[in-house]
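**Q** Quick one: the structure is below, questions incoming.
The values are calculated or read from the model by the stated rules, or taken from the named source; none is laboratory data. Keep in mind it's a predicted model, so treat the numbers as computed, not measured. Because the Cβ atoms are built from the backbone with ideal geometry, glycine has one as well, and the counts that use them run over all protein chains shown. Accessible surface areas use protein heavy atoms only, side chains included; no ligands, DNA or RNA. Shrake-Rupley method; radii C 1.70, N 1.55, O 1.52, S 1.80 Å.
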Amino acid sequence: MTETTKKDCRRITIFDTTLRDGEQSPGASMNLPEKLEVARALVELGVDVIEAGFPIASPGDQESVREVAKVVQGAAVCGLARCVDADIDCAWDSVRYAENPRLHIFLATSAIHREHKLRMSQEEIIGRAVAGVTRGKAYCSDIEFSPEDASRTEIDFLCKVVEAVIRAGATTVNIPDTVGYATPQEMKARIAALIERVPNIDQTVLSVHCHNDLGMAVANSLAAVSAGAGQIECTINGLGERAGNSALEEVVMAMRTRSDFFKVDTGIVSQRLVPTSRLVSRITGLAVPRNKAIVGQNAFAHESGIHQDGVLKERTTYEIMSPESVGFLKSDLVLGKHSGRAALANRAKLLGHELSPEQLTIVFAEFKKLADRKKEIYDADVLAIIEQQIHEKKAADQGVWSYIGYALNCGDDRRPCLVLTLSQGDEKKTIEWEESGGPIDSVFHAFQKLVELPLILKEFKVEAVSSGADSQGEVIVILEDTQSGVIRRGHGVSTDVVEGTVKALLNAVNRTVTADA
């Protein structure tokens, strides 16, 4: 997009709810340090508003919203609240520390919610909504109101609610497709109707929050923008309850690539999309599908000979945007066992990691070990090493469990015999374990005995980090603590699947036993 074109474009606010709605994806909960890491990445990405959580939900959520509010500079920080005095007070107490605080207040308006959940009349709904916005406005100038299930609310009543909350002081009115029921045509018509029929609509920013239950969240969000909406609520990788939310990377690049059609733009630094996607995937343990639009591993891959020939002659024959524009690197196979610290530090920086001298020393040592095992080091390998080593260093500093080594003797005609050694602080602990099942069974049961936690392995999967028979494998585990019922996920990376499994288990357990987990 040229600068001249940008001047002609309407600016769309990007409201990111990865830390709130995204975290509500099953198994995607984050601890405080992880939330702060994601929040900083969102600021670097250029989002306008970060919805940091639902403070009344728990003391932990309230603390995390408060801490995000304290550290974020350059984006508004938002807390979610029902139209309940205690919710609004709690949300304000959390976001009041922000450079630019916002309160997001919601109340269901559809007939099905009024009759079966709230048992309130239309008049009572309007009264409660106005009271909630008024209370929030006494605290904060930036108030967003959401009529929950707006896409299934009668349009006449929805117009009345929207007009009333704007009069009460709402600076943003969000129209949620809470259950992903709308179609793009319906969403466009609904936004157009509000713009046409609500007399004070020019006093607010009209927003949209779409869920993906029928796979139309991105299409519905874009339809709303084409009708005049000024804000899109979305998440990294489309995370969210049930089938998820509108994917930030998809709506942003759709609007940017087709600026000729939408005539809008955002403040997103698109080159940060892939690094941010990878960060959120690593922290949540939810892998990005290879064929995921914009940020998937295959998003710019060409296997067809016709496509390859076309791209080599002229990229735009089969690519409507460049890999570099979203954060993929043009060159991938440049590092090997003869590469030095400077080359590794430069590649890490290009991949979104500014390593301190101490971190570079740790990562470089592991890089050299990997280079002795495989001939070619891919970007994905470098990222995996960085993320693994930084996490392990943090774990060691906190005095929790660290990996030392293992020995495994197994075969078709013998029971696996495992010797596993871990450390906790300065103390090494070793266990010998003989198992009637397979080697992964042995690893899990030996590990469980060594850390003395009642764990159940709920999910186990292995994926190649990069291509080639010598690729590192990323192991992802989900554990349940049978005493507390807490679900924790972990990931570990190694060319050795057994070692990767131990590291994944450690990652999950360290999140459980540290005070901030």
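**Q** Over the residues of segment 429-499, compute the C-alpha Rg and express it relative to 2.2 N^0.38 Å. Could you put the intermediate results ahead of the total?
**A** Values: Rg = 13.5 Å, N = 71, 2.2 N^0.38 = 11.1 Å.
Working it through for segment 429-499, the quotient is 1.21.
**Q** Still on this structure: Using a Cα distance threshold of under 30 Å, what count of lysine pairs results for segment 1-155 when pairs must be 8 or more residues apart or interchain?
**A** Step by step, the pairs that qualify in segment 1-155 add up to 4.
**Q** How high is the FRET efficiency between Arg197 and Val486 when r is their beta carbon distance and R₀ equals 41 Å, given to the nearest 0.05? The partial results should precede the final answer.
**A** On the way: r = 49 Å, r/R0 = 1.18.
Computed FRET efficiency for Arg197 and Val486 comes out at 0.25.
**Q** If you don't mind, another one. Roughly how many Å² is the accessible area per residue of segment 15-166, as a whole number, for a 1.4 Å probe? Before the final figure, lay out the partial values.
**A** Values: 5430 Å² over 152 residues.
I get 36 Å² per residue for this part.
**Q** Quick one: which residues, 5+ away or cross-chain, put their amide H under 5 Å from the amide H of Thr13? H built at 1.01 Å from N.
**A** It is Gln231, Ile232, by chain and number.
**Q** If you line up the long axis of helix 248-257 against the longest principal axis of the chain, both from Cα atoms, how many degrees apart are they, to the nearest 10?
**A** 70 degrees
**Q** When DSSP assigns beta bridges and you keep just the ones with both residues in the chain, what percent turn out antiparallel, to the nearest 5?
**A** Numbers: 36 of 72 bridges.
Antiparallel bridges: around 50 percent, rounded to the nearest 5.
**Q** Are there any GluC sites (Glu not before Pro) in segment 59-122 that are in a DSSP loop and have at most 16 other Cβ atoms within 10 Å? List them by number.
**A** Values: sites: Glu63, Glu67, Glu99, Glu115; in loops: Glu99.
Those that pass, being in a loop and sparsely packed, are Glu99.
**Q** Where the only charges are on Cβ atoms (+1 Lys, Arg; -1 Asp, Glu), what is the dipole of segment 422-517 about its Cα centre, to the nearest 20 debye?
**A** Working: 9 positive and 16 negative charges, 56 e Å.
That gives a dipole near 280 debye.
**Q** Also, I was wondering about something else. Apply the Karplus parameterisation 6.51 cos²θ - 1.76 cosθ + 1.60, with θ equal to phi minus 60°, to every residue of segment 319-325 and state each ³J(HN,Hα) to the nearest whole Hz, in sequence, with x for glycine and proline.
**A** For segment 319-325, the Karplus curve yields 10, 8, 8, 8, x, 5, 5 Hz.
**Q** Show that you can apply the helix-only estimate: for the chain, add -39,500 (n - 2.57) for every DSSP H stretch of four or more residues, divide by all residues, and state [θ] at 222 nm to the nearest 500. Don't jump to the answer; show the numbers that get you there.
**A** Numbers: 18 runs with 215 residues, N = 517.
That calculation yields -13000 deg cm²/dmol at 222 nm.
**Q** Now for a different question. Please work out how much length the chain gains when fully extended from Ser356 to Glu37, using 0.36 nm per residue of separation minus the C-alpha to C-alpha distance, in nm with one decimal.
**A** Numbers: separation 319, 0.36 × 319 = 114.84 nm, distance 1.62 nm.
Here the answer is 113.2 nm.
**Q** How high is the FRET efficiency from Leu453 to Ala293, r the C-beta distance, R0 60 Å, rounded to 0.05? List each step's numbers first, then the result.
**A** Values: r = 39 Å, r/R0 = 0.66.
Between Leu453 and Ala293 the formula returns 0.95.
**Q** For segment 367-472, with every protein chain kept in place, what is the accessible area per residue (1.4 Å probe, Å²)?
**A** Values: 5660 Å² over 106 residues.
Spelled out: the 1.4 Å probe surface of segment 367-472, per residue, equals 53 Å².
**Q** Under 5 Å between amide hydrogens, which residues at least 5 positions from Lys458 or on another chain qualify, with H placed 1.01 Å from N in the peptide plane?
**A** Amide H neighbours of Lys458: Ile478, Leu479, Glu480.
**Q** For a distance above 24 Å, tell me the whole-number percent of Cα pairs in segment 71-207 that qualify. Show your work: numbers first, answer last.
**A** Details: 2565 of 9316 pairs.
Cα-Cα pairs of segment 71-207 separated by over 24 Å account for 28 percent.
**Q** While we're looking at this one, here's another question. Starting from the Cα of Ala138, step 7 Å toward the Cβ, then list every residue of segment 66-83 with an amide N under 16 Å from that point.
**A** Counting only backbone N, you get 83.
**Q** A further question on this structure: In degrees between 0 and 90, to the nearest 10, how far off the longest principal axis of the chain does helix 155-168 point, with axes built from Cα atoms?
**A** 90 degrees
**Q** Tell me the GluC sites (Glu not before Pro) within segment 443-517 that lie in a loop according to DSSP and have at most 11 other beta-carbon atoms within 10 Å.
**A** Taking segment 443-517 and a limit of 11 other Cβ atoms within 10 Å, the loop GluC sites (Glu not before Pro) found are Glu452.
**Q** For helix 59-71, what angle does its Cα long axis make with the longest principal axis of the chain, in degrees from 0 to 90 and rounded to 10?
**A** 90 degrees
**Q** Taking θ as phi - 60°, what are the ³J(HN,Hα) couplings along segment 354-365 by the Karplus curve (6.51, -1.76, 1.60), each to the nearest whole Hz, with x for Gly and Pro?
**A** 8, 7, 6, x, 5, 5, 4, 4, 5, 5, 5, 4
**Q** Something else now. Test of understanding: extend the Cα→C-beta vector of Arg341 to 7 Å, then name every residue of segment 360-378 with backbone N under 16 Å from that spot.
**A** Hits in segment 360-378 for Arg341 at 16 Å: 360-369.
**Q** Any chance you could run the full-extension gain for Arg119 through Glu314? It's 0.36 nm times the residue separation minus the Cα-Cα distance, nm to one decimal.
**A** Values: separation 195, 0.36 × 195 = 70.20 nm, distance 6.14 nm.
Gain on extension, Arg119 to Glu314, equals 64.1 nm.
**Q** A follow-up question, please. How many percent of the accessible area of the chain is carbon or sulfur, using a 1.4 Å probe? Please report the intermediate quantities before stating the final value.
**A** Values: 11310 of 22520 Å².
Looking at the chain in its full context, I get 50 percent from C and S.
**Q** For Cα extents along the principal axes in Å, which listed value, [x] 76, 61, 43; [y] 115, 62, 43; [z] 80, 46, 45, comes from the coordinates shown?
**A** [x]
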